[in-house]
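Taking it in order: structure first as structure tokens, then the write-up.
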Amino acid sequence: MVSISRVLAACWLSWLLNFSYRMFVPAILPALKDELKLSDFLCSLLLTCLLAGYSLAVALSGLLAFKFGRRRTIGLSLMVSSLSSFLVPFSSSLPVLAFLLFIAGVGLGLYLPSALSLLSDLSEPRHRGKIIGIHETAAPTGQVLGPMVAWFLLSQGYTWRQCAIIWPPLLLTLSLPFLTSGPEPSLKRIHGRSIPIPLEFYLLALATYLCMTSGTGLISMVPLYLSVSFGLSAAAAAFIVGFSRITGILGQLVGGHLSDKLGRRRLLAASVVLTAGSTLAFSLLPYGTPLIGTLLLMAASHNAFFPVFFAFLSDVTPSSERSMMFSVMLAPGAVMGAGVTPFIMGWLADSYGYTIALAYPTSLALLAIPLVIFVTQSLKAHFRA
């Protein structure tokens with residue numbers, strides 16, 4: 001019998017390094033921009049390469065897990081991201097840097113569907129929201145760690161290239177237990193009656209994609225926004241973003257735990273309303289304490305959404321189909337939310353300014369409110385209110 005606590009600990013550390021690297025790259029963009037003399041659009045294009053690779057791999061992860069096992073897919077994720085991220089600080093041209101970030105994104109994207117499927121299988125349904133919530137606390141912790149490491153090292157005078165050398169050995173070391181683990185039961189399709197998934201579930205997935213835009217996609221551009229619009233140094237912008245993600249840890253824990261107690265639909269609706277409100281306020285406020293306050297609220301509400309959604313997806317999906325279902329449902333959201341958003345915001349910022357650029361994630365966050373309210377009301381007949 002595999003210990004859920006040991007698997008959870010290993011997965012938590014993997015997700016921590018995964019997310020911290022994805023937030024470290026945006027945090028060093030202002031320093032990278034100054035060194036390479038890049039426009040906002042080209043900086044956002046580099047970030048898009050990382051997140052496009054991530055999105056592509058999310059779509060492939062379920063298939064690889066079905067073929068080779070979930071633990072080995074997680075190990076492969078860590079190995080690929082380690083090797084490619086090791087080469088990033090030594091890149092000598094923009095195309096090479098973009099390619100290496102794309103491959104690093106591919107490695108990072110292989111992780112989540114396999115990990116969520118593995119943890120869902122090992123946890124009892126009545127504790128599933130809590131287990132996934134604990135795992136998901138690694139995401140906001142990584143959102144804090146990545147920018148904070150960038151802030152500390154940049155403020156000490158290190159270059160972004162010197163800062164970037166930290167992650168590869170950690171990722172490589174953590175990959176070994178997964179790659180050398182014994183065989184796990186194969187994921188065979190269940191023939192016969194399957195659990196029906198209501199149509200509203202797919203609308204809820206659409207709402208998730210909208211939330212990814214105002215969450216992961218937007219926050220990736222915040223360091224550059226703070227630096228360009230308010231004149232903050234790269235180190236100061238990285239510190240503010242890292243500090244503001246601390247509340248996401250509480251959001252993950254509270255969201256997952258309360259969804260087990262109160263039901264998934266209430267937590268999903270509350271999360272999306274708070275996320276939209278804080279995103280709108282962030283887009284309108286000048287630099288100051290209230291703006292940082294909106295970042296704190298945004299981190300808590302946005303991060304509360306995902307453990308609830310993942311638990312819900314596990315509730316309605318057969319065990320043999322979970323890795324594939326997570327891939328299918330997360331990939332479009334990763335493309336639209338994490339991958340495309342920096343590209344669109346970078347182009348809008350260069351062409352029309354950041355006021356227009358911020359209107360893109362804000363409008364999608366507002367559109368998510370009526371969609372989630374409608375879907376959660378419709379799902380009341382299927383799941384506990």
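The values are calculated or read from the model by the stated rules, or taken from the named source; none is laboratory data. What you are looking at is a predicted structure, and each value in this text was computed from that prediction instead of being measured. FYI the Cβ positions are ideal-geometry reconstructions off the backbone, even for glycines, and counts take in every protein chain you see.
Conditions tested, residue by residue: (1) within 18 Å of the chain's Cα centre (by Cα); (2) modelled with pLDDT of 85 or more; (3) buried (at least 24 other Cβ atoms within 10 Å of the Cβ); (4) not acidic (Asp, Glu).
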site	(1), (2), (3), (4)
SER3	no, no, no, yes
SER20	yes, yes, yes, yes
ALA57	yes, yes, yes, yes
ILE74	yes, yes, yes, yes
LEU83	no, yes, no, yes
SER92	no, no, no, yes
VAL96	no, yes, no, yes
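Residues being among the acidic types (Asp, Glu) and in a helix (DSSP H, G or I) are entirely absent from the stretch 123-131. Number of residues in the stretch 5-18 that are more than 19 Å from ALA299 (Cα to Cα), among the polar types (S, T, N, Q) and at pLDDT 90 or above: the value is 1.
Please name all residue pairs, on different chains or six or more residues apart, with Cβ atoms under 8 Å, provided the first residue is in the stretch 238-262 and is under 18 Å from LEU116 (Cβ atoms) and among the aliphatic types (A, V, I, L, M) and the second residue is part of a helix (DSSP H, G or I) and modelled with pLDDT of 75 or more. These pairs meet every condition: LEU253/GLY133; LEU253/ILE134. Listed by first and then second residue, the pairs linking a residue in the stretch 306-318 that is under 16 Å from ARG126 (Cβ atoms) to a residue that is surrounded by fewer than 24 Cβ atoms within 10 Å (Cβ to Cβ) and at pLDDT 75 or above, with Cβ atoms under 6 Å apart and 6 or more places separating them unless they lie on different chains, are SER314/SER120. Of the residues making up the stretch 329-343, none is under 29 Å from PHE102 (Cα atoms), at pLDDT 85 or above, assigned to a helix (DSSP H, G or I) and not acidic (Asp, Glu). The requirement of being farther than 30 Å from ASP121 by Cα and free of Cβ contacts under 8 Å to residues at least 24 places away in the same chain is satisfied by LYS37.
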